[in-house]
Amino acid sequence: MTSSKDKSDGGPSSLAASHDDGREIPTRKLSIDDAPFGAFHRRLAIYSCGGPFCDGYILGIIAIALPALSKDLGLGPGSTGLIAAASLIGMFIGGAFFGFLTDIVGRQVMYTLDLLLLVAGSAAQYWVHDSWVLFALRFVLGIAVGADYPIATALLSEFSPKRQRGMLLAAMIGAWWLGYTVSFVVGYALSTDDASPWRWMLASSAIPAAAVSLLRWGTPESPRWLMSKGRAEEARALVHSHLGSQFEIEELPPVRTEWRAIFRGHYVGRTLFVCIFWSCQVIPTFAIYTFAPDLLRALGARNPTLGAAIISLFFLFGVIPAMALVDRIGRRPVIIIPFAVTGMTLVLLGLIPSHSSIWVAACFIVFAIFNAGSSVLQWVYPSELFPTEVRATALGFGTSVSRIGAAVGTFFFPVGLLHLGVSTMMLIVGGFCFVGFVVSMAFAPETRGLSLAEASRSIGHSTGG
């Protein structure tokens, strides 16, 4: 990382070449979109990815803990589904409210506070003895998880160089799946015939949340957000301090943050696209893998808990190639092709029921790899398609809508398994994948290689990047 002390005073034309006679030739500064990927970007990416890691862990560990806690607390299918969906319901509020709040008060303030709520809520689960108390705690955790999505994603996208922006935002999804996978491994390691380990499983999420909250302390504010609020001098000083004085941020007039802006003009179509494709990705994911052990057992797997832990690894494997491809071949192929593959895989499971563990595992592995691959666009598209003054608002709203869909699917999935059967449920969730395929074919834009200003710019709506 280049220190601003090694550069000039930071004026608009402070970088200059010289004529032979000594006269300076003013040159324009480089945009922060063109900054080389450096140590500062690396640290910010790691700290930002810590939140999704905790989120994935919290939402994944419940899948392993559910069978034991349901037995211990005497829960029926409806109550079990409600507990499983509690965090997803909380994310509706966390994403919608805190995304908008983040666009008003800034990214830095919210960046650490939401994780402190994760620490407290996670630890409190150890002492739960009532299903409604557990529901309340999981609901609060969902609020904190939903808040972190727009906060961390907006901050990272607004610092990221355009050449690596897709990869860095995709890495956050990778961190989510890493946390999800680790939760399955920890849950399997803690699993015993005794009912009590579910308390340790749920409370264990306090450990990574506490570690990440400490790492995030002192992270700078987004210069783009500062500029959008008329704090140009602070924005420039921050850029020079962390990226170097040869880089400049585009100066734009202050823009007021209005929640309704994501439903105006060109942005209403983008909002609908984000909400639909995001929902079509997460509904099958949460419905299936929240109840992965039960589902694998119904499909004939011999060791459903171990099978769920192993298959979760393939979600992580699926993100890795997508992280590289999203900046190389573009956003559209990375979202369209996986939707088609996952839809066909789930339909095959529904139409060709089998008690062969190999067949079941193969189908779920294919689903996991391709579903995780397309999931990298969940934070890439909302970050790129909306301007700074409503970027976190759009991210939060997309999170909220998608999680409400996932919560409904998660709540009804165990009931559907009981009354409709596993084959019918596979066909239903597979249908969501095909809806995502059609919508993405029709409306997914290509934003590879564009600056944030170029990607978010819309006719008739003057905005910054």
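The values are calculated or read from the model by the stated rules, or taken from the named source; none is laboratory data. None of these values were measured; they are calculated from a predicted model. Please note: Cβ atoms are built from the backbone with ideal geometry, for glycine as well, and neighbour counts cover all protein chains shown. Heavy atoms of the whole protein, side chains included, go into the accessibility calculation; ligands, DNA and RNA do not. Shrake-Rupley method; radii C 1.70, N 1.55, O 1.52, S 1.80 Å.
The figures follow:
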| quantity | calculated |
| --- | --- |
| Among (1) of a type in the set (Gly, Ala, Ser); (2) on the phi > 0 side of the Ramachandran plot; (3) at pLDDT 80 or above, the one test that Gly300 misses | (3) |
| Conditions (1) closer than 30 Å to Ser160 by Cα; (2) open to solvent by less than 10 Å² (accessible area, probe 1.4 Å): number failed by Met426 | (1) |
| Any hit, the stretch 65-78, residues being open to solvent by 10 Å² or more (accessible area, probe 1.4 Å) and among the acidic types (Asp, Glu) | yes |
| Some residue of the stretch 176-193 being more than 16 Å from Gly51 (Cβ to Cβ), open to solvent by 10 Å² or more (accessible area, probe 1.4 Å), part of a loop (DSSP other than H, G, I, E, B) and of a type outside the set (Val, Ile, Thr) | yes |
| Any chance Val133 is free of Cβ contacts under 8 Å to residues at least 12 places away in the same chain and either in contact with a helix residue (DSSP H, G or I) (Cβ under 9 Å, 6 or more places away or on another chain) or on the phi < 0 side of the Ramachandran plot (or both) | yes |
| Pairs, first touching a residue at least 40 places away in the same chain (Cβ under 8 Å) in the stretch 235-250, second assigned to a loop (DSSP other than H, G, I, E, B) and of a type in the set (Asp, Glu), C-beta under 9 Å, six or more apart | Arg236/Glu251; Ser245/Asp9 |
| Those residues of the stretch 217-241 which are surrounded by fewer than 23 Cβ atoms within 10 Å (Cβ to Cβ) and assigned to a helix (DSSP H, G or I), in sequence order | Ala232, Glu233, Glu234, Arg236, Ala237, Leu238, Ser241 |
| Per-region count, the stretch 94-130, residues surrounded by fewer than 22 Cβ atoms within 10 Å (Cβ to Cβ) and in contact with a Gly (Cβ under 8 Å, 6 or more places away or on another chain) | 2 |
| Tally of residues being open to solvent by 40 Å² or more (accessible area, probe 1.4 Å) and in a helix (DSSP H, G or I) across the stretch 325-373 | 15 |
| Test: Leu243 is more than 30 Å from Leu272 (Cα to Cα), modelled with pLDDT under 90 and among the hydrophobic types (A, V, I, L, M, F, W, C) | yes |
| Qualifying residue in the stretch 394-402 (condition: surrounded by fewer than 23 Cβ atoms within 10 Å (Cβ to Cβ) and free of Cβ contacts under 8 Å to residues at least 60 places away in the same chain) | no |
| Residue selected from the stretch 254-271 under the condition in contact (Cβ under 8 Å) with a residue 24 or more places away in the chain and part of a helix (DSSP H, G or I), by the criterion farthest from the chain's Cα centre (by Cα) | His266 |
| Matching residues in the stretch 403-416 - criterion: being surrounded by fewer than 24 Cβ atoms within 10 Å (Cβ to Cβ) and either within 18 Å of Ser383 (Cβ to Cβ) or within 16 Å of the chain's Cα centre (by Cα) (or both) | Ile404, Gly405 |
